[in-house]
Amino acid sequence: MEKRFYVYIMANKKYGTLYIGVTSDLVKRNWEHRNHVVEGFTDQYNLDKLVYYEVHENAESAIRREKRLKFWKRMWKLELVDKFNPEWTDLYESITA
(Lines give C-alpha, C1' and ligand atoms only; values in the text may rest on other atoms or scores of the structure.)
Protein backbone atom coordinates (compact mmCIF):
# COMPACT_ATOMS: atom_id res chain seq x y z
CA MET A 1 0.00 0.00 0.00
CA GLU A 2 1.45 3.33 -1.05
CA LYS A 3 1.50 6.25 1.32
CA ARG A 4 -0.89 9.08 0.48
CA PHE A 5 -0.60 12.74 1.28
CA TYR A 6 -3.35 15.24 1.97
CA VAL A 7 -3.83 18.96 1.62
CA TYR A 8 -6.58 20.09 3.96
CA ILE A 9 -8.40 23.16 5.20
CA MET A 10 -9.54 23.69 8.77
CA ALA A 11 -12.05 26.36 9.81
CA ASN A 12 -13.78 27.54 12.97
CA LYS A 13 -17.12 28.24 11.23
CA LYS A 14 -18.62 28.79 7.78
CA TYR A 15 -16.65 31.56 6.07
CA GLY A 16 -14.55 31.94 9.21
CA THR A 17 -10.81 31.80 9.72
CA LEU A 18 -9.01 29.25 7.52
CA TYR A 19 -5.89 27.16 7.93
CA ILE A 20 -4.30 25.19 5.08
CA GLY A 21 -2.03 22.27 5.91
CA VAL A 22 -0.44 19.15 4.48
CA THR A 23 -0.05 15.75 6.13
CA SER A 24 0.46 12.06 5.45
CA ASP A 25 -1.99 11.09 8.23
CA LEU A 26 -5.20 13.09 7.89
CA VAL A 27 -7.02 11.43 10.78
CA LYS A 28 -4.15 11.89 13.26
CA ARG A 29 -3.40 15.48 12.22
CA ASN A 30 -7.05 16.49 12.48
CA TRP A 31 -7.34 14.84 15.88
CA GLU A 32 -4.36 16.95 16.97
CA HIS A 33 -6.05 20.14 15.72
CA ARG A 34 -9.37 19.25 17.34
CA ASN A 35 -7.77 18.47 20.68
CA HIS A 36 -5.38 21.46 20.66
CA VAL A 37 -2.37 19.18 21.06
CA VAL A 38 0.01 21.60 19.37
CA GLU A 39 0.05 25.29 20.21
CA GLY A 40 -0.15 27.59 17.23
CA PHE A 41 -2.50 29.18 14.73
CA THR A 42 -5.20 26.49 14.76
CA ASP A 43 -5.17 26.40 18.56
CA GLN A 44 -5.25 30.19 18.88
CA TYR A 45 -8.22 30.59 16.52
CA ASN A 46 -10.01 27.36 17.54
CA LEU A 47 -9.86 25.89 14.03
CA ASP A 48 -11.31 22.47 14.76
CA LYS A 49 -13.48 21.69 11.71
CA LEU A 50 -12.12 19.84 8.70
CA VAL A 51 -13.97 21.47 5.79
CA TYR A 52 -11.86 20.43 2.79
CA TYR A 53 -9.22 17.89 1.79
CA GLU A 54 -7.66 16.43 -1.31
CA VAL A 55 -5.49 13.37 -1.82
CA HIS A 56 -2.06 13.38 -3.45
CA GLU A 57 0.10 10.44 -4.43
CA ASN A 58 3.37 11.98 -3.25
CA ALA A 59 4.65 14.56 -0.81
CA GLU A 60 6.05 16.86 -3.47
CA SER A 61 2.72 17.42 -5.22
CA ALA A 62 0.91 17.90 -1.90
CA ILE A 63 3.43 20.48 -0.71
CA ARG A 64 3.30 22.31 -4.05
CA ARG A 65 -0.50 22.44 -3.88
CA GLU A 66 -0.46 23.62 -0.25
CA LYS A 67 1.92 26.46 -1.11
CA ARG A 68 -0.20 27.44 -4.12
CA LEU A 69 -3.40 27.51 -2.07
CA LYS A 70 -1.79 29.65 0.60
CA PHE A 71 -1.15 32.34 -2.02
CA TRP A 72 -4.73 32.26 -3.33
CA LYS A 73 -7.08 35.12 -2.59
CA ARG A 74 -9.40 34.43 0.35
CA MET A 75 -12.47 34.45 -1.93
CA TRP A 76 -10.98 31.68 -4.09
CA LYS A 77 -10.37 29.55 -0.99
CA LEU A 78 -13.95 30.08 0.18
CA GLU A 79 -15.25 29.10 -3.26
CA LEU A 80 -13.06 25.97 -3.22
CA VAL A 81 -14.61 24.86 0.08
CA ASP A 82 -18.11 25.83 -1.09
CA LYS A 83 -17.80 23.57 -4.14
CA PHE A 84 -16.38 20.64 -2.15
CA ASN A 85 -18.49 21.03 0.99
CA PRO A 86 -21.40 23.48 0.42
CA GLU A 87 -22.69 23.23 3.99
CA TRP A 88 -19.20 23.52 5.50
CA THR A 89 -19.92 20.46 7.62
CA ASP A 90 -17.11 18.99 9.68
CA LEU A 91 -15.72 16.11 7.62
CA TYR A 92 -13.76 14.51 10.47
CA GLU A 93 -16.34 11.77 11.09
CA SER A 94 -16.35 10.83 7.40
CA ILE A 95 -12.58 10.23 7.37
CA THR A 96 -12.60 8.15 10.56
CA ALA A 97 -15.41 5.82 9.49
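A 1.4 Å probe run over the chain, with the rest of the protein chains in place, finds 64 Å² accessible per residue.
Relative to the current alpha-carbon distance between Lys3 and Lys28, full extension at 0.36 nm per residue lengthens the span by 7.6 nm.
Where (i) 1.12; (ii) 0.96; (iii) 0.94 are the candidate values, the label of the one calculated here for Rg/Rh (Cα atoms, Kirkwood Rh) is (iii). Helix-only arithmetic for the chain: the sum of -39500 (n - 2.57) across DSSP H runs with n ≥ 4, divided by the residue total, places the mean residue ellipticity at 222 nm at -12000 deg cm²/dmol. Report, in listed order, any pair from Lys28/Lys73; Lys3/Lys83; Lys13/Lys77; Lys14/Lys83; Lys49/Lys77; Lys3/Lys70 with a Cα-Cα distance greater than 22 Å. Check vs 22 Å cut-off fails for Lys28/Lys73; Lys3/Lys83; Lys3/Lys70. Heavy-atom accessible area with a 1.4 Å probe sorts Glu79, Glu60, largest first, into Glu60, Glu79. The trypsin sites (Lys or Arg not before Pro) found in region 1-96 that occupy coil by DSSP, while having at most 16 further C-beta atoms within 10 Å, are Lys3, Arg4, Lys13, Lys14, Lys73.
The values are calculated or read from the model by the stated rules, or taken from the named source; none is laboratory data. Keep in mind that what you see is a predicted model, and the values were worked out from it rather than measured. Cβ atoms come from the backbone with ideal geometry, glycine included; neighbour counts cover every protein chain shown. Surface accessibility is based on the protein's heavy atoms, side chains included, excluding ligands, DNA and RNA. Shrake-Rupley method; radii C 1.70, N 1.55, O 1.52, S 1.80 Å.
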